[in-house]
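Read the structure below first, then the notes.
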Amino acid sequence: MADATASRSRLLRLLPPQVQAELRERTRRLLSGARGRVYDLAGAEAHLQLYGEVDEVDEVVLSVGDGLDEGVAAGERFDTVVSVMHLARVSDPGRILARVRDVLRPGGEILFLEPVRQPGWVGRGQRLARPTIRAMTGWWLDHDLATAIRNTGLTITDIERIVMPRYVWPVRAFVQGAASEVRAPVVDGPGR
C-alpha cells in the first residue's frame, strides 16, 4: 500500500500547481462530508488532519491493503467510506464497491473523488492509450464509475464532473460525489 500511495503522490506532484491546489481543495471539501466511523480506502495518513477538522467524525480507519478485504473484521460497519483516487487504481472497482456496500451501516455513504475517462473522441483516445496511461499513472481511466456504483446496489446521491485544463491530459476528467444504499422504509401493516 505504501508503494501505491507513494506512486500516486509522485504523480500528483507532477501536475501543475493550480491543478494540485484544486484537487487538495476538493479533497478537503469531500472529507468534510464524512461522519461517524470512517474507512479511508486510500489509507492516506495525509487525510487524518482533514478528518480531525470535522466534528461529526468519531473514528477513522485507514486501509492497509487494496480495498476492504484486509484490516476489516467480519461484521465491522462504517458510516462513511471514502475513496480519493483509489477506485481508479484497481482493475475491478465493482468488487471493491460491493464490499463497500457490505460494510456500510444503514444510511451510510461512500464519498468519492476519482479520475475518469473523458467523453467523446478524447475518451476514445484515452482508451487506445490505456496501456501507456496505466504505466504512467497507475490508474485505469476507462472505468465507468457511475455504472459500477449502480451495479452494486448503491444509489448516487450527488455527483459532479470536473474537467481540468487541456494540458493535464490524460488525467483531465474527475468525478466527485456520494452514493448510499437506499433501503425501502419499513411500513407497519394493520394488526402490528
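Bear in mind these aren't lab numbers, they're just calculated from the coordinates by the rules spelled out. Since the model is a prediction, treat every value here as computed from it, not as a measurement. Virtual Cβ from ideal backbone geometry, glycine too; neighbours counted across all protein chains shown.
At-a-glance table
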item: Karplus-derived 3J(HN,Hα), 6.51/-1.76/1.60, for each residue of the stretch 52-60, Hz, glycine and proline x; result: x, 7, 9, 5, 7, 8, 8, 8, 10
item: Share antiparallel - DSSP beta bridges, the stretch 2-180, percent rounded to 5; result: 55
item: Sum of side-chain charges, ALA129 neighbourhood, beta-carbon under 11 Å (Lys, Arg +1; Asp, Glu -1); result: +4
item: Listed peptides 176-182, 128-134, 42-48 by packing density, highest first (mean Cβ within 10 Å); result: 176-182, 42-48, 128-134
item: Added length on full extension, which subtracts the Cα-Cα distance from 0.36 nm per residue, ASP144 to ASP92; result: 17.6 nm
item: FRET efficiency, ARG105 to VAL54 (Cβ-Cβ, R0 22 Å, nearest 0.05); result: 0.80
item: Relative contact order computed over the stretch 110-177 (Cα-Cα under 8 Å; 6+ residues apart), in percent; result: 42
